[in-house]
1. Tally up the residues in segment 149-190 that are of a type in the set (A, V, I, L, M, F, W, C) and either assigned to a helix (DSSP H, G or I) or in contact with a Ser or Thr (Cβ under 7 Å, 6 or more places away or on another chain) (or both), please.
2. Give the residues of segment 115-144 that are surrounded by fewer than 16 Cβ atoms within 10 Å (Cβ to Cβ) and touching a strand residue (DSSP E or B) at 6+ places or on another chain (Cβ under 7 Å), sorted by residue number.
3. So which of D88, D110, D106, D41 is under 30 Å from G178 (Cβ atoms), in contact (Cβ under 8 Å) with a residue 24 or more places away in the chain and of a type in the set (D, E)?
4. Exactly one of these conditions fails for Q69: (1) closer than 25 Å to V181 by Cβ; (2) touching a residue at least 40 places away in the same chain (Cβ under 8 Å); (3) under 15 Å from the mean Cα position of the chain (by Cα). Give me its number.
5. Among the residues of segment 191-202, which ones are in contact with a Ser or Thr (Cβ under 7 Å, 6 or more places away or on another chain) and surrounded by 14 or more Cβ atoms within 10 Å (Cβ to Cβ)?
6. Of the conditions (1) closer than 19 Å to T64 by Cβ; (2) at pLDDT below 95; (3) within 19 Å of the chain's Cα centre (by Cα), I114 fails just one. Which one is it?
7. Please return the ranges of helices (runs of 4 or more DSSP H) entirely within segment 1-81 where 3 or more residues are over 30 Å from P126 (Cα atoms) and open to solvent by 20 Å² or more (accessible area, probe 1.4 Å).
8. Out of (1) in a loop (DSSP other than H, G, I, E, B); (2) under 14 Å from the mean Cα position of the chain (by Cα); (3) more than 19 Å from I94 (Cβ to Cβ), the odd one out for G206 is which?
Amino acid sequence: MARRGRDFIARHGETVFNAAARLQGDHPHTPLTRAGFAQADEMGAALARFLEPRPALTLWASPTGRALQTLAVVAEHVGADWHSARTDARLVEIGMGAWGGLYFADVRGDGPIIDRETGLFSQRAPGGEWYHEIAARVSGWLADTRDDEGDRLMVMHGISSRVLRGVMTNADVNPRLGAPVAPGLPQGSLVMIEDGRETVIHLGTGHAPA
């Protein structure tokens, strides 16, 4: 049975790692840049306009600092207390294994590590995670939170949010990736999913891949 309520999924704002072209993946503490805070501010304003009058929102976030920083800014716009947010490790970004923290230019993969068409990783990092594993964990989170009532906001990451959106909209499984993956959106973007259909509420200005 489908959950009752709308799901708003936000991709966090630009971080210092994004600006420096470093791989962060599931790295827990990579703070937002000034541009990242501006992107969060824009998402919050867009969500506030969309929700008028403002209903209560259940808040969820990846436990990473960049997701929580973004959530705090967005929550202020919609009159929600970000301290009430719940976090779940299943909402974190793709695990980067041995590549975590490296500069893109220093990664030695078997050819290009980013697929230019999709903006996704085309190779699995040594000791890292792959898309079907993300699908399994976000699907588990969805099953465990099916009883959440009303609207809710989830602040996540570029790749993990694409997989979550793919699962929630019943997208086709990408045969190369082994998981349903929604189209990429810039950092600072916000979508709404209701009854399996996705609507872009705000298109961000970020430039990071995925």
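The values are calculated or read from the model by the stated rules, or taken from the named source; none is laboratory data. The structure displayed is predicted, hence computed values, not measured ones. Glycine also receives a Cβ, built like all others from the backbone with ideal geometry; neighbour counts cover every protein chain displayed. Ligands, DNA and RNA are stripped out before the accessible areas are found, and what is left, the full protein with its side chains, is counted by its heavy atoms. Shrake-Rupley method; radii C 1.70, N 1.55, O 1.52, S 1.80 Å.
1. To start, the set of residues in segment 149-190 that are of a type in the set (A, V, I, L, M, F, W, C) comprises 153-156, 159, 163-164, 167-168, 171, 173, 177, 179, 181-182, 185, 190.
With the extra rule that they be either assigned to a helix (DSSP H, G or I) or in contact with a Ser or Thr (Cβ under 7 Å, 6 or more places away or on another chain) (or both), the set shrinks to 155-156, 159, 163-164, 167-168, 182.
Qualifying residue count, segment 149-190: 8.
2. Result: H132, single match.
3. On the way: D110 fails: in contact (Cβ under 8 Å) with a residue 24 or more places away in the chain; D106 fails: in contact (Cβ under 8 Å) with a residue 24 or more places away in the chain; D41 fails: under 30 Å from G178 (Cβ atoms).
Only one candidate qualifies: D88.
4. Only one criterion is unmet by Q69, namely (1).
5. V191, M192, I193, E198, H202
6. Of the numbered conditions (1) closer than 19 Å to T64 by Cβ; (2) at pLDDT below 95; (3) within 19 Å of the chain's Cα centre (by Cα), the odd one out for I114 is (1).
7. Per the criteria, 34-51, 65-77.
8. Evaluating G206 over (1) in a loop (DSSP other than H, G, I, E, B); (2) under 14 Å from the mean Cα position of the chain (by Cα); (3) more than 19 Å from I94 (Cβ to Cβ) leaves (3) as the failure.
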